[in-house]
1. Which residue, of I395, I345, is outside any loop (DSSP other than H, G, I, E, B), modelled with pLDDT of 80 or more and of a type in the set (A, V, I, L, M, F, W, C)?
2. With respect to V259, is the statement that it is modelled with pLDDT under 80, in the same structural domain as K224 (by TED's automatic domain parsing) and surrounded by fewer than 18 Cβ atoms within 10 Å (Cβ to Cβ) true?
3. So which of L319, L334, L290 ends up being modelled with pLDDT of 80 or more and either within 14 Å of G223 (Cα to Cα) or outside the structural domain of F373 (by TED's automatic domain parsing) (or both)?
4. Here is a list: E127, E96. Which entry is touching a residue at least 60 places away in the same chain (Cβ under 8 Å) and of a type outside the set (V, I, T)?
5. Among the residues of the range 337-350, write down those that are farther than 13 Å from L309 by Cβ and β-branched (V, I, T).
6. Can you go through L357, L365 and tell me which one is more than 18 Å from K214 (Cα to Cα), in contact (Cβ under 8 Å) with a residue 60 or more places away in the chain, in a loop (DSSP other than H, G, I, E, B) and in the same structural domain as A296 (by TED's automatic domain parsing)?
7. If a residue has to be more than 12 Å from the chain's Cα centre (by Cα) and assigned to a helix (DSSP H, G or I) to count, how many in the range 125-155 make the cut?
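The values are calculated or read from the model by the stated rules, or taken from the named source; none is laboratory data. Small disclaimer: the values here were computed from a predicted structure and weren't measured. We place every Cβ from the backbone using ideal geometry, glycine too, and count neighbours over all the protein chains shown.
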Amino acid sequence: MQYLRLHGIGGIGIIRMSGKDTFNILNKIFIQKNKKDLKDIPGYSMKYGHIINPNTNELIDEVLVSYFKSPKSYTTEDMCEINAHGGNIVIRKILETCIENGAKLANPGEFTKRAFLNGRIDLSQAESVIDIINSKTESETSASLKQLQGFLSKRIESVRQKLINIMVDIEANIDYPEYDLEEVSYNKTLNELNDIYNNLKQLENSFDNGKIIKEGLKVAIIGKPNAGKSSLLNSILKEERAIVTEYEGTTRDTIEEFVEIDGIPIKIIDTAGIRNATDEIEKIGIKKSLEMAEEADLIIAIFDITKKLDKEDIEILDLIKNKKNIIVLNKIDLIKVNVEIPKEIKDNKNIIKISALNKEGIEDLYNKIAELFRFNEIKNDNSLLITNIRHKENIKEANKNIKEAIKTLEDNMPIDIISINIKNALENLGYITGENVSESIINEIFKKFCLGK
């Protein structure tokens, strides 16, 4: 069965084929300039020639074709990539010619899925491919590359092997009770299970940093109308993204943009000004602002320092008191004397004074965000990070079973009782690498892939 997919439109268009009949189809439609027998063409080589319609001998395009011979290819099958000119008409005609001669269209992620099913990579490595494609920062790319290289797979396999060895010891106790292995096995098994628990706990905890690297932070800017929210967004983005006027209530909906601070993606959300509005459209905008504030990882609450805090300001302070927040005192350029911090917020340790108009204090805001979320620690952490929620949940479940096994031993229960917990932990870890994962989960994972990968 052949699989192919159009990669995209550009200067060069690439059509990839994989499967046992790849070269048979290619021989029908590709005329090499210096014709060579297929058996004489080495893998990892490229040939120049033309794609033709074999039924009419019509010349379709001048191309370069890359050959990859089984098992040394991305899918471990015979593969080729036709590098053609990237125009719509040319690519479509080559695609149609391939199909007419025995190929079929690939599904999203088809090639990576076949690499997994054929055993070249495990499921966690396959998932890292789409993470690399979707990476927004160098930090995220680096974490995904580690997973593609098999760092997570090796760590999980090491834990699984230790659990299997414990199972072997337990079976020995059951099958050969006359050798009195009970006490040695209890102590040894308890120590090994504690080591495994700590190992998996470290991986599970790494998800907090891994999630920040992969998904970034969601930061909501909230405040009253004309406090300077849109001006702050424009200063952060270094462009006039939001409309700024002297009139209150200009922002009726949220504006979302991505920036990067110290290699971490940040989604900045400018929200409608919070006040007791009468306009129905503005009310909807304010409701959305409150929802965004609730969902955000960080709230930047901005206040006009030229005015005294009023009831609406106090309501905003109440809104953020149980959330990670930074208080920004804006319009310091309008104050002729030293800026006094209002008594209502003086106990807050995260206060930044800025002039959004003059972009003064913006760097201090960046530094405060980096400090609150330990960007420096994350950036310099070269250890393996879990970035996938599926992996994190399976590790968490495995460790629940390990903890149950430890408790059983500490309660002086018979050692063979923990075999159920260990088998469950092995199954949980097997879901990560794909050893015992269901077909529906596999299909769900690869459905997220782009066409051609």
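1. I395
2. On the way: modelled with pLDDT under 80: no; in the same structural domain as K224 (by TED's automatic domain parsing): yes; surrounded by fewer than 18 Cβ atoms within 10 Å (Cβ to Cβ): yes.
Taking the combined requirement at face value, the residue does not satisfy it.
3. Details: L334 fails: either within 14 Å of G223 (Cα to Cα) or outside the structural domain of F373 (by TED's automatic domain parsing) (or both); L290 fails: modelled with pLDDT of 80 or more.
Testing whether each residue is modelled with pLDDT of 80 or more and either within 14 Å of G223 (Cα to Cα) or outside the structural domain of F373 (by TED's automatic domain parsing) (or both) leaves just L319.
4. Numbers: E96 fails: touching a residue at least 60 places away in the same chain (Cβ under 8 Å).
One residue alone meets the criteria, E127.
5. Within the range 337-350, the first condition is being farther than 13 Å from L309 by Cβ, and the residues that meet it are 337-339, 347, 349-350.
Of everything in the range 337-350, those that are farther than 13 Å from L309 by Cβ and β-branched (V, I, T) turn out to be V337, V339.
6. Numbers: L365 fails: in a loop (DSSP other than H, G, I, E, B).
L357 is the lone residue from the list that is more than 18 Å from K214 (Cα to Cα), in contact (Cβ under 8 Å) with a residue 60 or more places away in the chain, in a loop (DSSP other than H, G, I, E, B) and in the same structural domain as A296 (by TED's automatic domain parsing).
7. Step one: of the range 125-155, the residues more than 12 Å from the chain's Cα centre (by Cα) are 125-126, 138, 146, 148-155.
If we keep only those that are assigned to a helix (DSSP H, G or I) as well, we get 125-126, 138, 146, 148, 151-155.
Adding up the residues that qualify gives 10.
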